[in-house]
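Asks: Could you have a look at this structure, given as structure tokens, before my questions?
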Amino acid sequence: MLSTIFLYLLIVLGINIALFLVAYSFKSDKLTDISYALSFLALDVTIIFHTKRLHAYGFILFLIVALWAVRIGGFLLIRVLHVGKDRRFDDMRGSFTRFGKFWIGQALTAWILMLPVAFAQYRGGKVTILALVGIVVWSSGLIIEAVADYQKYAFKQSPANKNKWIQTGLWKYARHPNYLGEILTWVGIYIYCFEALNLAEKILGLSSPGLI
């Protein structure tokens, strides 16, 4: 199992390094966020076919990761295409080392977040009451994150809101509701995986929601 886990790390590093070289060559931000989502999708597909967990438990686990990745990847791609560039990279876009570190960090993040998924797919499991609780938590997070992202995106489309901080909708109740949703999605995934894991995997798997 350990060698398999490191194989997954090599896969996600390979994806990000390849796309980094393209992004650096063109000094472009348009691949950074979409590559993040693609990293999860690639691992999700690789894991389920590698472990051949095509029963209900494994398929649901595959699906909730895929739905999250498609949602966030699609939103971030639309946003960067509309805005044209990501200001986060203004001071690193031209630096091979600094820009490259971001991509390596992104690959490591995806790998760590997917650890409980890899462990659970390897072990196999059943759709228990606790797993259903995980789905509810995950669903709540996905909805909160999607609504918050949309509200902020719509807010920024108005010229009257330039340089203003959104304080309406979900943003009236939390400073970063999109991140709250992100936390809940990965907590929900960990809860879904929990009963399928042995003690060591439960402890290692905590690095996923812990990192978020």
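The values are calculated or read from the model by the stated rules, or taken from the named source; none is laboratory data. All of these numbers come straight from a predicted model, not from anything done at the bench. No Cβ is skipped: glycine too gets one built from the backbone with ideal geometry, and neighbour counts run over all protein chains shown. Just the protein is used for accessible areas: all its heavy atoms, side chains included, with ligands, DNA and RNA removed. Shrake-Rupley method; radii C 1.70, N 1.55, O 1.52, S 1.80 Å.
Asks: Does segment 123-162 hold any residues that are touching an Asp or Glu at 6+ places or on another chain (Cβ under 9 Å) and touching a residue at least 60 places away in the same chain (Cβ under 8 Å), and which are they?
Replies: The answer is 123, 125, 126, 128, 130, 131, 145.
Asks: Sort through 126, 152, 162, 156 and tell me the only one that's among the charged types (D, E, K, R), modelled with pLDDT under 95, in contact with a Gly (Cβ under 9 Å, 6 or more places away or on another chain) and over 22 Å from residue 110 (Cβ atoms).
Replies: Result of the check over 126, 152, 162, 156: 152.
Asks: Quick check on my filter: what residues within segment 35-80 are modelled with pLDDT under 90 and of a type in the set (D, E, K, R)?
Replies: Of everything in segment 35-80, those that are modelled with pLDDT under 90 and of a type in the set (D, E, K, R) turn out to be 52, 53, 79.
Asks: Please verify whether segment 166-183 includes one or more residues that are surrounded by 16 or more Cβ atoms within 10 Å (Cβ to Cβ), of a type in the set (Gly, Ala, Ser), closer than 23 Å to residue 60 by Cα and within 20 Å of the chain's Cα centre (by Cα).
Replies: Checked against the condition, which is being surrounded by 16 or more Cβ atoms within 10 Å (Cβ to Cβ), of a type in the set (Gly, Ala, Ser), closer than 23 Å to residue 60 by Cα and within 20 Å of the chain's Cα centre (by Cα), segment 166-183 yields at least one hit.
Asks: So, one more: For segment 197-212, how many residues are in contact (Cβ under 8 Å) with a residue 24 or more places away in the chain and either assigned to a helix (DSSP H, G or I) or buried (at least 20 other Cβ atoms within 10 Å of the Cβ) (or both)?
Replies: 8
Asks: Next up: Just one of the numbered conditions (1) touching a residue at least 24 places away in the same chain (Cβ under 8 Å); (2) open to solvent by 30 Å² or more (accessible area, probe 1.4 Å); (3) among the small types (Gly, Ala, Ser) is not true of residue 58; which one?
Replies: So residue 58 meets the others, but not (2).
Asks: Just for helices (runs of 4 or more DSSP H) wholly inside segment 100-196: which have at least 3 residues that are among the polar types (S, T, N, Q)?
Replies: Because the criterion is at least 3 residues that are among the polar types (S, T, N, Q), the helices (runs of 4 or more DSSP H) in segment 100-196 that meet it are 129-156.
Asks: Regarding segment 184-196, can at least one residue be identified that is without any contact (Cβ under 8 Å) to a residue 12 or more places away in the chain and either open to solvent by less than 90 Å² (accessible area, probe 1.4 Å) or out of contact with any strand residue (DSSP E or B) (no Cβ under 8 Å at 6 or more places or on another chain) (or both)?
Replies: Quick first cut of segment 184-196, residues without any contact (Cβ under 8 Å) to a residue 12 or more places away in the chain only: none.
No: zero hits.
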